[in-house]
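S.K.: Provided herewith is a single structure, encoded as structure tokens, for subsequent inquiry.
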Ligand SMILES: Cc1ncc(COP(=O)(O)O)c(C=O)c1O
């Protein structure tokens with residue numbers, strides 16, 4: 001394969017047939033302004049230094065690459081390393097991106113930040129940077145997610161953000177995104193929209209990827225140092241796809257590295273109750289870009305189901321759609337039960353409580369590792385910690401909270 | 001000349017501004033749509049904008065979101081919308097019809113299949129909210145090949161060079177979004193529209209319709225003095241919601257009355273313009 005991955009997207013935001021800018025006219029000028037600003041700073045040493053300093057001193061990077069020895073031995077196959085994004089300030093990879101976008105918001109002189117959130121991790125990460133910069137912050141969250149991720153709702157409020165519970169549509173992440181877009185269309189003059197994943201209109205998919213790519217840059221150096229060679233496989237969960245592309249991107253040219261993106265199979269891919277557009281969807285246009293979507297034959301977006309709010313989304317970042325089509329990344333699926341088992345395994349074998357999103361990646365590793373030999377190496381992106389999921393887990397396990 | 005172009009030149013010759021009401025296809029129930037369209041024409045509509053329901057109407061405010069949800073409860077698809085147009089055309093072959101909606105249902109049908117089907121049932125123009133001129137390769141030629149007008153939105157934030165692109169790629173008329181906001185917003189600002197209209201009229205080689213936020217006779221009167229068409233959405237759709245529990249008859253009555261209010265306000269504005 002001789003694809004130059006650094007050349008994508010093209011200047012109009014296209015990854016092959018995917019991506020682009022499918023936005024209402026009122027936003028076109030704001031998107032162009034953001035694109036120009038991002039292009040002008042993304043290679044500037046001054047901006048990159050400021051970003052690196054924030055990531056080091058405020059977020060706590062680099063995050064460790066941890067060998068999960070006991071769990072690997074239990075599985076009896078490949079050695080599994082965890083990229084510890086759960087140890088970031090605020091508890092997930094999301095803050096890598098909000099730190100970057102907040103710097104842009106400041107440069108553009110915006111006084112108000114809005115965000116959509118599913119699991120609440122991106123909402124918390126946005127409220128956090130807003131508090132730090134003294135900006136107003138409004139977070140849109142599906143009404144169902146407000147209930148299942150209550151601890152994060154409380155954190156956002158403590159940080160001074162206004163949390164708007166979105167009652168329309170399927171009351172989950174996609175509806176929160178619709179509502180955030182509506183806010184942005186209305187308040188475009190003073191408002192910066194921090195999208196939390198590699199979706200949305202150009203330049204978001206490229207920009208969010210660049211901010212998250214620090215995960216893979218660090219992991220590649222760390223594994224070379226620890227093992228003296230590249231890993232054999234990478235695994236990450238895919239909601240919109242930001243933690244996944246963040247880990248994968250630096251490794252895309254490394255042909256020997258097998259890459260797995262794990263979608264949520266919910267109640268099972270064959271039941272239709274899942275959120276796995278790459279495994280089961282068709283290309284279409286939603287939320288500003290062309291990508292694989294869960295949709296019916298008439299082009300209506302389907303309701304989704306996943307035990308994890310952060311993966312409960314009918315679309316996916318356009319770069320993933322392209323990586324699927326060109327065959328560089330394998331997209332697989334893990335259902336709710338398997339994810340819960342992954343959650344239990346990591347908790348009991350390693351003393352690490354993972355987010356339910358990340359538990360999908362964990363669960364896939366429990367399938368893949370035993371098929372590999374002991375001298376092979378897997379890196380799993382542990383995208384976040386599980387504190388926010390205590391309500392859901394306690395209910396399922398019958399633990400009083 | 002397309003039916004839309006013909007209509008605008010007739011209206012221009014008569015010194016009149018077009019009244020263009022919007023209704024979501026299938027709202028509140030499938031058998032109301034064609035009736036409502038005929039009623040609107042009877043009460044002074046010059047063209048009709050027919051909304052194609054989409055599950056994720058991200059540029060619409062709460063009123064049209066709910067209309068779309070009501071329609072989708074009846075599983076209204078793009079095929080159904082085209083069927084409504086076909087039935088409407090059995091009795092009305094002159095009133096232009098513009099489909100307004102989002103790209104995905106059209107993409108799911110296929111651009112060419114859609115363009116063929118739409119023109120054969122008697123659709124005249126298509127406005128796709130989330131399809132800017134930049135992304136429209138493949139799509140516009142398909143519409144063009146079937147003689148469908150391509151209507152684009154421009155907004156108070158649209159810079160001059162984008163106006164040129166719309167001018168080059170659009171046809172029929174251009175839809176000026178009179179405010180920064182979603183459909184049904186409240187803050188229509190006459191002074192701002194007046195200010196933008198000057199530049200727009202200089203650039204555009206086609207008629208200009210003004211919509212978003214026109215709620216009553218008074219705002220329609222002001223907009224009719226500025227544009228070639230006045231487009232009314234949420235102010236009519238909200239009457240469907242308000243009267244839904246009372247039944248279709250009350251909905252028709254309320255919409256008929258409101259249409260009369262808009263028509264007479266626009267006629268007053270046109271009479272005033274004629275005097276000047
Ligand atoms: C911990 C964690 N992992 C993963 C995700 C999924 O998002 P993405 O696919 O963009 O990484 C989320 C989203 O909320 C999350 O909180």
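S.K.: Indicate, rounded to the nearest 5 percent, the antiparallel portion of the DSSP beta bridges found entirely in the stretch A:61-143. Before the final figure, lay out the partial values.
M.R.: On the way: 3 of 9 bridges.
Of all bridge pairs located within the stretch A:61-143, approximately 35 percent are antiparallel.
S.K.: Can I ask one more? Considering Cα pairs under 8 angstrom that are at least six residues apart, work out the relative contact order of the stretch A:306-401 and quote it in whole percent.
M.R.: On the way: 80 pairs, mean separation 22.5, N = 96.
Once normalised by length, the contact order is 23 percent.
S.K.: Let me ask you something else. Give the average, rounded to an integer, of partner chain Cβ atoms located within 10 angstrom of each Cβ in B:53-65.
M.R.: Shielding by partners across B:53-65 averages 6.
S.K.: Here's a follow-up. Using Cα pairs closer than 8 Å and at least 6 residues apart in sequence, work out the relative contact order for the stretch B:3-275, in percent.
M.R.: For the stretch B:3-275, the relative contact order is 22 percent.
S.K.: Taking neighbour Cβ counts within 10 Å as the exposure measure, how do A:122, A:249, A:89 sort from fewest upward?
M.R.: A:89, A:249, A:122
S.K.: I want to check the label-to-label distance for residue A:73 and residue B:165. Put each point 7 Å from Cα in the C-beta direction and report it in nm to one decimal.
M.R.: 6.0
S.K.: Relative contact order of chain A: what whole-number percent is it, with Cα pairs under 8 angstrom and at least 6 residues apart?
M.R.: After rounding, I find 21 percent.
S.K.: Tell me, how many Å apart are the Cα centres for the stretch A:325-354 and for the stretch B:182-245?
M.R.: Comparing the Cα centres of the stretch A:325-354 and the stretch B:182-245, I get a distance of 52 Å.
S.K.: What does the average come to when, for each residue of peptide A:14-25, you count the partner chain Cβ atoms lying within 10 Å of its Cβ?
M.R.: Mean partner-chain Cβ count within 10 Å for A:14-25: 5.
S.K.: Exposure proxy check: A:335, A:387 ranked by fewest other beta carbons within 10 Å?
M.R.: A:387, A:335
S.K.: Quick check: Cα centre of the stretch B:99-160 to Cα centre of the stretch A:243-276, how many Å?
M.R.: After rounding, the separation between the Cα centres reads 34 Å.
S.K.: Measure off 7 Å from each Cα along the Cα-to-Cβ vector at residue B:201 and residue B:87, then give the distance between these two points in nanometres to one decimal.
M.R.: For residue B:201 paired with residue B:87, the spin-label model returns 4.2 nm.
S.K.: Report Rg (one decimal) and Dmax (nearest whole number) for the stretch B:1-72, counting Cα atoms only, units Å.
M.R.: Just the Cα atoms of the stretch B:1-72 yield Rg and Dmax of 14.3, 41 Å.
S.K.: Given bins 10 angstrom wide, list per bin the percent of all Cα-Cα distances in the stretch B:60-185, short to long.
M.R.: Values per bin, smallest distances first: 12, 41, 37, 11, 0.
S.K.: What percent of all Cα-Cα pairs in the stretch A:164-223 falls in each 5 Å bin, counting up from 0?
M.R.: Taking all Cα pairs of the stretch A:164-223, the binned fractions are 4, 16, 18, 19, 16, 11, 7, 6, 3, 0 percent.
S.K.: Also, I was wondering about something else. Partner chain Cβ atoms within 10 Å, averaged over the residues of A:294-305 - can you pull that number for me?
M.R.: Going residue by residue through A:294-305 and averaging, the value is 5.
S.K.: Continuing with this model, one more query. How large is the Rg to Rh ratio of the stretch A:86-169 when both quantities use alpha carbon positions and Rh follows Kirkwood?
M.R.: Taking Rg over the Kirkwood Rh, I get 0.96.
S.K.: Could you tell me what percent of the DSSP beta bridges with both partners in the protein assembly as shown are antiparallel, to the nearest 5?
M.R.: So the antiparallel bridges amount to about 20 percent of the total.
S.K.: So if I restrict to the alpha-carbon atoms in chain A, what is the Rg, and what is Dmax, the biggest pairwise distance, in Å?
M.R.: 19.3, 57
S.K.: Gap in Å between the Cα centre of the stretch A:77-120 and the Cα centre of the stretch A:4-58?
M.R.: 16
S.K.: Under the √(5λ) rule applied to the eigenvalues of the Cα gyration tensor, what semi-axes describe the equivalent ellipsoid of the stretch B:3-275? Give them in Å, descending.
M.R.: After scaling each eigenvalue by five and taking roots: 25, 23, 18 Å.
S.K.: Additional query: If I model a spin label as a point 7 Å beyond the Cα along the Cα-Cβ vector, how far apart are those points for residue A:106 and residue A:374 in nm?
M.R.: Spacing of the two 7 Å Cα→Cβ label points: 5.1 nm.
S.K.: Next question, about the same structure. Return the percentage of antiparallel bridges among DSSP beta bridges fully within chain A, rounded to the nearest 5 %.
M.R.: If I count the DSSP bridges inside chain A, around 30 percent turn out antiparallel.
S.K.: Continuing with the same structure: Can you tell me what the convex hull of the Cα atoms of the protein assembly as shown projects to on average, as an area in nm²?
M.R.: 29.7
S.K.: Mind sorting A:95, B:34 by how few other Cβ atoms lie within 10 Å of their own Cβ, fewest first?
M.R.: Working: A:95 28, B:34 20.
Arranged by neighbour count, lowest to highest, A:95, B:34 become B:34, A:95.
S.K.: Next question. At a 10 angstrom cut-off on C-beta neighbours, averaged per residue, how do the peptides A:392-398, A:142-148, B:155-161 rank from highest to lowest?
M.R.: Sorting A:392-398, A:142-148, B:155-161 by mean packing, highest first, produces A:142-148, B:155-161, A:392-398.
Read-outs throughout are calculated quantities, based only on the coordinates presented, and are distinct from any laboratory measurement. What you see is a predicted model, and the numbers here were worked out from it, not measured in a lab. Here Cβ is always computed from backbone atoms with ideal geometry, including for glycine, and neighbour counts include all displayed protein chains.
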